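Data block below; observations after.
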Amino acid sequence: MTAPLLDVQDLTVEYRARRHRVAAVSGVSLAIAPGETLGVVGESGSGKTTLGRAILGLAPVSGGQISYDGRDITRLRGRARRSLAADIQVVFQDPYSSLNPAMTVSATLAESLRARGALPGREAARRIRDALEQVALPAAAAGRYPAAFSGGQRQRLAIARALMPGPRLVICDEAVTALDVSVQAQILNLLRDLQQRLLLCYLFIGHDLDVVRFMAHRVLVLYRGQVMEHGPASVVARRPRHPYTQALLAAAPGSGARPARPAAPADSLTDQPGCPFAARCPAVTGICRVSRPPLVSASDGGEVACHRYPELALCRRNS
Amino acid sequence: MTALLRRPAGAAALIVLLLIILACAAAPWLAPYHPDTANLNDALAGPGAAHWLGTDELGRDILSRLLYGGRPALLSSLLVVAVTLGIGVPAGLLAGFLGGWADRLTMQLVDVGLALPAMVIVLVVLSVFGGKLTIALIALGILLVPPLVRIVRSAALAVRSELYVDAARVSGVPPARIVFRHVLPRLRGTILVQASIVAALSLLFTTGLAYLGFGATPPNPSWGSMTAEASQTLAQSPWLLVASGGIIGLTVLCLGLFADTVRDLTVARWTGEQSSVRIFAPPRAKIRTPADEAPAGALLSVRGLTVTIQQNARAVPVVQDVSLDIRAGETVGLVGESGSGKTSVARSVIGLLRGGARIEAGRIVFDGVDVTGLTGAAARRLRGGQIAFIAQEPMAALDPTCRIGPLLAQAVRCHQQVSAREARQQVLDLLRQAQLPDPERVARCYPHQLSGGMAQRVAVARALAGRPRLLIADEPTAALDVTVQAEIIALLRGLQEQTGLAILVVSHDWGVVAELCHRAVVMYAGQVVEEAPVTELIGAPNHGRAAHPYTRLLLAANPAQAPDGATELPVIPGTIPAPGEWPAACHFSPRCPQAATSCTVGPVPLHDIAAARRSRCVLSAGAAEPVGQP
């Protein structure tokens, strides 16, 4: 495997909630190779968005290390951080809040060019036209305000903005969640196509296992800030090893299978010593409640954090 | 500017303001008399040919004095506004944008500032500085800073959390530039309104000061001192006070009107046309009713429903000729993308159409009774009673200031004459029916103490309070996590089995429709394009059983259908046309890969293609077997 473009080691992000500290992301490690897409799947409160924001420098890192292209960027601030803007970009979930309604499209796009330094007006105009063409929007869009565009078109604009400085890594935070199915398919195809042409690297964050399976080469499953399992997209999405991922897959509507639901989870985010999924897990045993399972490598690729993984894998093979 | 002219109040205010300012500036040339020329023979004259606005007790011409007196009044307002905005806007921006200690320090200073008595301090300043009005006005400007800081800060806080500010940070935009490019322009309207308030306040304040003897030195005129003088001759000549007070009142009114209009216009430019189009209450019209009757056995029957909105004084349809039936114990899914009109259909049934939309034609029959366009008490009895509604955002649908118990008890007592105690008991039963663990505890909770899934269960419990026979669920699980979504679906299915409830689910999610519904009604651009039992649309190999190309393409666009290693999803080219831009012929024909010339000839009727199946496609017309891919 080539040297990873993004390498995250043991990342922890904590927020202060009244007296105690709450870990939104706890000990997460991941790596993305050039041209690769890593999918991150989780439900609300899993820390997937915080993970993306920490890599973008928008969330405070309390522990661990983030390296980009071999360089430690964990705590970069000010000018040094801003110079990274040319390399790491983002497409947010909400196409309505992610574009400034008071700025024309060309002003928004021109602004994201700043990271590459000042450009003469004519050159900037050409780059804006090219970027709009890349996302299949007419050049006339440049002079209009975001309000004139539909949700799907706005998401194209957000992608154009992210591409302006020529980044190598784009973080897509629920980039298609707010869109209708047919528009979602168009945007997903666009993202795949751009990746091919521009050799982009994606960290693709989502809650829909099917969308992430289509987009990602490898998938990482988060629950309450911790990695439950990761591995090749087809393995994680089709034959998940971790009971939590299995529950996610079973719950997806239209899947047919409908196992008995565990009771609603106790809504306390205080750190418990054991596995974060223990309270809802159908395969829970004594040890799950007292010690946090380590990530161990799995036979069909990737790693799984489950005390009972060896037995469960054996059961599955025999059945 | 042209937009401003289309708003009569704002345009008139601007013109009056400009006239006042220009007239005051040009006073030496415009004024018919010198402001100090006294003529005791003509004292306290009313308005007339010689003196348009009459004279004061020394016989001086009021019009001339108003023109000259406007200068000190307007200039002092300008000074106060400049001082207040010059300090208040940067302070508020920094506090709101930086947060942390800068915010805490600023807000503590603001709290102190708000406690100071402005008038007393200005008077102290005046006495210390020997009656120098300029210094007193600067002091006044500073005293008006704290409320402005609070308003600017809270507006800046709201903008700071917008995603586009994060996007600018990621783009390497320095903080100072973010404040100027992204935060400040969004606050323009707020600041403008505040400036007009400060200007008005200072105008009134200087009048007050003049009344107390601080102001333009006599005989120099100012609006304030003229009002003070007029009040002394109030008994002999009330007109004087009308003239001097009137000009102050007029200026203050115009300032407010103008600022409000400009604020509205800046917002309208960012949010598109909608906010500048006024929504009129639609006139009640005779609703055309189609002839065909509802089939026997249908609990709800919608026939030929057409809903229109007003756009540029034209009625534009958002729903066109929609018919559907729901039997007791049946779940029907109304499937479509945004802009298909599915929500308008659902809202028509409960009589809660929004945004000036109205039923133009059609008939809604519930349990044999025509309920089309029902209003008033009859509509309220039906809504929440026989027909219940649950919304997409469970949290937004619950009043945050009300505990769950009383909230549900209110719903129970709306529909049944029961004692408070009996209502409480019923609330616990409802919560139990919605399978909430520990109903007693939930009844004591406020909505924010519940998770999203629990809140949706509470919404279901509330919907059940009126013992409904039809439940309309608008995207009931779209805001929920997948595992919670599965729980809500299971709950709705269980309730239906127990009570024989009919359910209309509005959704864009095929997965939800597959899990929950017996029949699917697919909408595109305001029309029903296909209706079929869910098992015949979903689950069949390659969705070949869908008769309409739109349904087939929509099903195929779902990434769940993509095989592993697929690099491209099948897409529908183009976008759904906006209401008013629908083709006269097949609405889908411009995007349809199978479109033939026969598709663009004229409107395509919805026709039966098999038992319980209908399609609005010319290609499936006349064919008993649905046309599809093998």
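Bear in mind these aren't lab numbers, they're just calculated from the coordinates by the rules spelled out. Just so you know, these numbers come straight off a predicted model, no measurement behind them. Cβ: placed from backbone, ideal geometry, glycine included. Neighbour counts: every protein chain shown.
Quick look at the numbers
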| item | result |
| --- | --- |
| Part-to-part distance (alpha-carbon centres) for the range B:224-241 and the range B:46-120, which is given in Å | 23 |
| Alpha carbon centroid spacing (whole Å) that separates the range A:152-191 from the range A:47-90 | 21 |
| Chain A - mean residue ellipticity at 222 nm from DSSP helices (-39,500 (n - 2.57) per run, n ≥ 4, rounded to 500) | -9500 deg cm²/dmol |
| For the protein assembly as shown, with +1 on Lys and Arg beta carbons and -1 on Asp and Glu, the positive-most of A:Val221, A:Gln153, B:Ala228 along the dipole | A:Val221 |
| Taking B:Trp582, B:Trp101 and counting other C-beta atoms within 10 Å, the order from fewest to most | B:Trp101, B:Trp582 |
| Simple spin-label estimate for B:Ala377 and B:Ala268 in nanometres, 7 Å along Cα-Cβ | 4.1 |
| Gain upon complete extension [B:Ile121, B:Gln594; 0.36 nm per residue less C-alpha separation] | 162.3 nm |
| For B:484-493, mean number of other protein chain Cβ atoms within 10 Å | 3 |
| Pairwise label distance in nanometres, B:Leu30 with B:Val242, each label 7 Å out on the Cα-Cβ vector | 2.1 |
| Sorted peptide list for B:192-200, B:61-69, criterion being average Cβ within 10 angstrom, highest first | B:61-69, B:192-200 |
| Chain A: angle of helix A:181-198 to the longest principal axis, Cα-based, in degrees nearest 10 | 70 |
| Assigned charges on the beta-carbon of Lys, Arg, Asp, Glu; the range A:98-166 dipole about Cα centre (debye) | 40 |
| Three-way shape call for the protein assembly as shown based on the alpha-carbon gyration tensor, with the a/c threshold at 1.5 | prolate |
| Label-reachable residues, the range A:91-130, where backbone N falls under 11 Å from a point 7 Å from B:Arg188's Cα toward its Cβ | A:102-104 |
| Separation between Cα centres of the range B:400-428 and the range B:310-350, rounded to whole Å | 32 |
| Given charges at Cβ of Lys, Arg, Asp, Glu: the protein assembly as shown dipole, positive-most of A:Tyr68, B:Gly500, A:Ala86 | A:Tyr68 |
| Pairwise Cα inverse-distance average, inverted: Kirkwood Rh of the range B:1-113 (Å) | 17.9 |
| Span-rule helices in chain B, defined as complete DSSP H runs reaching 20 Å or more along the axis (Cα) with Kyte mean at least -1.0 | B:8-25, B:62-98, B:100-115, B:145-160, B:188-211, B:238-271, B:482-499 |
| FRET efficiency estimate (nearest 0.05) - Cβ-Cβ, B:Leu78 to A:Arg77, R0 41 angstrom | 0.45 |
| Computed over the range A:98-166, Kirkwood Rh from alpha-carbon pairs, angstrom | 11.7 |
| 222 nm mean residue ellipticity, helices alone, for chain B (DSSP H n ≥ 4; -39,500 (n - 2.57); rounded to 500) | -14500 deg cm²/dmol |
| 3J(HN,Hα) from dihedral phi, the range B:444-450, Karplus parametrisation 6.51/-1.76/1.60, rounded to Hz, x for glycine, proline | 8, 7, 8, x, 5, 7, 9 |
| The protein assembly as shown, dipole about Cα centre (Lys/Arg Cβ +1, Asp/Glu Cβ -1), debye to the nearest 20 | 880 |
| Calculated FRET efficiency for the pair B:Leu250/A:Ala118, C-beta based, R₀ 56 Å, to 0.05 | 0.65 |
| Neighbouring partner chain Cβ atoms per residue of A:144-152, average, 10 Å criterion | 3 |
| Most to least packed among B:546-552, B:459-465 [average Cβ atoms within 10 Å] | B:546-552, B:459-465 |
| GNM top mover of A:Leu222, A:Leu30, A:Leu209 - chain A, alpha-carbon springs below 10 Å | A:Leu30 |
| Mean Cβ neighbour count within 10 Å, used as a protection proxy, ranking B:605-615, B:72-82 highest first | B:72-82, B:605-615 |
| Selection from A:Gln9, A:His242, A:Ile187, by position along the positive dipole direction of chain A (Cβ) | A:Gln9 |
| Nearest-20 debye value, chain B charge dipole, Cβ charges on Lys, Arg, Asp, Glu | 480 |
| Size of the range B:374-431 as Cα extents on the principal axes (Å, biggest first) | 32, 29, 19 |
| Residue-averaged beta-carbon neighbours from other chains (10 angstrom radius) around A:44-54 | 1 |
| Amide H contacts under 5 Å for A:Val219, placed H, 5+ residues apart | A:Gly39, A:Gly231, A:Ala233 |
| Neighbourhood charge, 9 Å Cβ-Cβ cut-off, centred on B:Met226 and excluding it, Lys, Arg +1 and Asp, Glu -1 | -1 |
| Under-5 Å amide H pairs with A:Gly27, H placed in peptide plane, nonlocal only | A:Leu11, A:Thr12, A:Val13 |
| Rounded, prolate or oblate (a/c below 1.5 giving rounded, otherwise prolate when a/b exceeds b/c) for the range A:141-213 by Cα gyration tensor | oblate |
